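Enquirer: Right, I'll just put the structure down here and ask away after.
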Ligand code: ATP
């Protein structure tokens, strides 16, 4: 069984809770990414799963077995480190063989399995090289092969791509994802790179200061963030602080009324999350428009396919992103200082509880 379960997993260093009661279920064959700002507890969580850090409280369960008290080598996990951690004096084949020898696998089977994983990571022609004779991407593939060869129930990846340049990162990311899906590997990956997490993972865990803020698919997190922290962390977002007034309207702290779906009789104060691409822009001031809000352009940034519009709504700054206007679109050629009218589907302006 490849599934992984964390129950109230916690780690305290002196007075500080690095990980505070994390609950998580990773299904068999699923890839889950731990995502969050530096210091939020991702690595500590992963290392507790691997057995390198002893939890202060809680349990790690792999394939139905409580392994919390077991040392790393007695857990059915394979870990890939950010630094690769290859043995510099051993060849590629010897590096991969090491874990099998530790597990007392016989020579003939070792040779078969090494050849197999080398083919998987497309390094069969380099098996006799030393790590220093390989590129960064190749070294990382050796590290992957070394973890894969022991056929672990749970595959653990700690920032596996952060030492690679941008182009290679994209390639290796796809390779890992393909391999993981093809082999049905139950995988937990730590990354602080949003794009990496969003493109690779079946589900993501957003952490902040040791706690889980939200667990969900990329779409869940982007479209239905649980709170302002998640909304601000995953993708770009306008976060508008304010309060729902007695008449049911949301007034931003700056005083501007913000059209939104108010179903929150329960909270007076709140933060509205409004994604930049959900804001519709029209040139000129259009007082005739019911749901439109007058604004002024403070800056325009051309980014090729898209254009960013920085807006000032009576003291409230908002960012809008639209497909770059073409042809005789009145938005084309808009300059900072000019009036515009902005609107959005009210459902796109979600009131979230304050973080
Ligand atoms: P990063 O993305 O920067 O690697 P992270 O999310 O992986 O961060 P952790 O390395 O898990 O964060 O650290 C979580 C918190 O625990 C941090 O505040 C860190 O300073 C603290 N911490 C980690 N290891 C120790 C230690 N050995 N002793 C004391 N505090 C520690």
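Enquirer: What shape does region 213-327 have by the C-alpha gyration tensor, where a ≥ b ≥ c are the square roots of the eigenvalues, rounded means a/c under 1.5, and otherwise prolate means a/b greater than b/c and oblate the rest?
Expert: Oblate, because a/c is 1.5 or more while a/b does not exceed b/c.
Enquirer: Between rounded, prolate and oblate, where does the chain land on the alpha carbon gyration tensor, with a ≥ b ≥ c its root eigenvalues, rounded for a/c under 1.5, else prolate if a/b exceeds b/c?
Expert: The shape class here is prolate.
Enquirer: Using the 10 angstrom Cβ neighbour count as an exposure proxy, how do 256, 230 rank, fewest first?
Expert: With the sparsest Cβ surroundings first, the list reads 256, 230.
Enquirer: Rounded to the nearest 5, what % of the DSSP beta bridges within the chain are antiparallel ones?
Expert: About 75 percent, rounded to the nearest 5.
Enquirer: Now, a different point. Using 7 Å Cα-to-Cβ label points, what is the residue 28/residue 257 separation (nm, one decimal)?
Expert: The answer from the label model is 5.7 nm.
Enquirer: Once you put a point 7 Å from the Cα of residue 128 and another 7 Å from the Cα of residue 66, both along the Cβ direction, what distance in nm separates them?
Expert: Taking the simple label geometry, residue 128 and residue 66 are separated by 5.2 nm.
Enquirer: Contact order normalised by length for the chain, with contacts defined as Cα pairs under 8 Å and 6 or more residues apart; what percent is it?
Expert: 16 percent
Enquirer: From the Cα gyration tensor of region 60-199, with a ≥ b ≥ c the square roots of its eigenvalues, which class applies: rounded if a/c is under 1.5, or else prolate if a/b is larger than b/c, or else oblate?
Expert: oblate
Enquirer: Stretched out fully, how many nm does the piece from residue 246 to residue 135 gain, at 0.36 nm a residue minus the Cα gap?
Expert: 33.6 nm
Enquirer: Given the rule -39500 (n - 2.57) for each run of at least 4 DSSP H residues, summed and divided by the residues of the chain, what is its mean residue ellipticity at 222 nm, to the nearest 500 deg cm²/dmol?
Expert: That calculation yields -7000 deg cm²/dmol at 222 nm.
Enquirer: In what sequence do 124, 227 fall when counting other Cβ within 10 Å, fewest first?
Expert: 124, 227
Enquirer: Sticking with this one: Would you mind ranking 222, 302 by Cβ crowding within 10 Å, fewest neighbours first?
Expert: Ordered by Cβ neighbours within 10 Å, fewest first: 302, 222.
Enquirer: Provide the FRET efficiency to the nearest 0.05 for the residue 151-residue 193 pair, computing r from the beta carbons and using R0 = 22 Å.
Expert: 0.20
Enquirer: Give me the one-decimal nm value for the distance between modelled label points at residue 220 and residue 347, 7 Å along each residue's Cα-to-Cβ direction.
Expert: The answer from the label model is 2.0 nm.
Bear in mind that the values in this text are calculations on the coordinates, not laboratory data. It should be emphasised that the depicted structure is a prediction, and the values quoted were computed from it without experimental measurement. With ideal geometry, Cβ positions are generated from the backbone for all residues, glycine too; neighbour counts draw on all protein chains shown.
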